[in-house]
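Q: The structure is given below, and queries will be raised subsequently.
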Amino acid sequence: MKSRSFFVPLVCCACAIWTAVPAEPDQLSGGKGEDRVGFPKDYSTTFSVLRTVVREDGAKLVTIYGNGPAASVANKTQLPYPFGSVLVMETARTRKNNEGKPLKDEKGTLQKEAVLGMHVMRKEKDFGKLYGEKRSGEWEFVEYKLDGSFITPPQKSAACAECHIKASSGKDFVYHGRFED
């Protein structure tokens with residue numbers, strides 16, 4: 001059977017590229033579509049905020065959250081991240097005033113309007129093997145909508161792993177986390 005591909009927009013960790021993704025459903029998780037990353041239901045209240053970035057002149061607010069193991073990495077000398085680390089990159093639209101300018105609260109912080117998506121990566125022993133040459137350490141990736149449904153399901157997430165190779169093994173395949181560069 002001839003391999004087919006389709007193109008999807010990949011927006012991950014400050015990247016915004018179009019990439020070919022194999023159409024076969026067994027690209028990851030043995031065709032089962034098993035979600036080994038897991039939707040982090042209460043991430044906004046149980047994870048630590050590691051970093052916030054304003055994009056598109058205040059139109060989007062990107063917040064990086066980390067669970068306990070991920071948040072324990074306070075500086076680059078503590079890399080790599082421990083097994084059990086989960087990082088969430090939440091992208092949200094910001095509220096606007098009548099003139100279309102981003103609204104800020106009394107502290108000067110942009111106000112979220114709607115969460116557009118969550119890019120989630122989880123590190124566990126032997127994770128990422130099925131990404132093959134696109135493997136970025138022992139991380140696996142999934143993109144979710146706020147309701148827990150998939151934007152990018154596990155079996156299509158090799159493009160995320162491939163993008164994270166660019167972050168390098170020296171940064172444990174994480175672009176920023178809590179770090180500026």
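Q: Going by the conditions given, is residue 141 modelled with pLDDT of 95 or more, in a loop (DSSP other than H, G, I, E, B) and either surrounded by 16 or more Cβ atoms within 10 Å (Cβ to Cβ) or not hydroxyl-bearing (Ser, Thr, Tyr) (or both)?
A: For residue 141, the condition - modelled with pLDDT of 95 or more, in a loop (DSSP other than H, G, I, E, B) and either surrounded by 16 or more Cβ atoms within 10 Å (Cβ to Cβ) or not hydroxyl-bearing (Ser, Thr, Tyr) (or both) - is not met.
Results for (1) at pLDDT below 95; (2) under 24 Å from residue 132 (Cα atoms); (3) touching a helix residue (DSSP H, G or I) at 6+ places or on another chain (Cβ under 8 Å), shown as yes or no for each residue.
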{"residue": "3", "(1), (2), (3)": "yes, yes, no"}
{"residue": "17", "(1), (2), (3)": "yes, yes, yes"}
{"residue": "22", "(1), (2), (3)": "yes, yes, yes"}
{"residue": "29", "(1), (2), (3)": "yes, yes, yes"}
{"residue": "33", "(1), (2), (3)": "yes, yes, yes"}
{"residue": "43", "(1), (2), (3)": "no, no, no"}
{"residue": "53", "(1), (2), (3)": "yes, no, no"}
{"residue": "57", "(1), (2), (3)": "yes, no, no"}
{"residue": "68", "(1), (2), (3)": "no, no, no"}
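Q: When both residues are 6+ apart or on different chains and their Cβ atoms are under 9 Å apart, which pairs have a first residue that lies in the stretch 64-77 and is within 16 Å of residue 88 (Cβ to Cβ) and without any contact (Cβ under 8 Å) to a residue 40 or more places away in the chain, and a second that is among the acidic types (Asp, Glu) and assigned to a strand (DSSP E or B)?
A: Between residues of the stretch 64-77 that are within 16 Å of residue 88 (Cβ to Cβ) and without any contact (Cβ under 8 Å) to a residue 40 or more places away in the chain and residues that are among the acidic types (Asp, Glu) and assigned to a strand (DSSP E or B), the close pairs are 65/90.
Q: Right, something else. Look at residue 120 and say whether it is in contact with a Lys or Arg (Cβ under 9 Å, 6 or more places away or on another chain) and surrounded by 15 or more Cβ atoms within 10 Å (Cβ to Cβ). Before the answer, list the steps.
A: Details: in contact with a Lys or Arg (Cβ under 9 Å, 6 or more places away or on another chain): no; surrounded by 15 or more Cβ atoms within 10 Å (Cβ to Cβ): yes.
Criteria not met by residue 120.
Q: Right, next: Can you find even one residue in the stretch 83-95 that is surrounded by fewer than 15 Cβ atoms within 10 Å (Cβ to Cβ) and more than 19 Å from residue 56 (Cβ to Cβ)?
A: yes
Q: Within the stretch 114-122, is even one residue in contact with a Cys (Cβ under 8 Å, 6 or more places away or on another chain) and not in a helix (DSSP H, G or I)?
A: Scanning the stretch 114-122 turns up at least one residue that is in contact with a Cys (Cβ under 8 Å, 6 or more places away or on another chain) and not in a helix (DSSP H, G or I).
The values are calculated or read from the model by the stated rules, or taken from the named source; none is laboratory data. Treat the numbers as computed from the prediction; the structure is a model and nothing was measured. Counting neighbours? That spans all protein chains shown, and the Cβs are built from the backbone with ideal geometry, glycine included.
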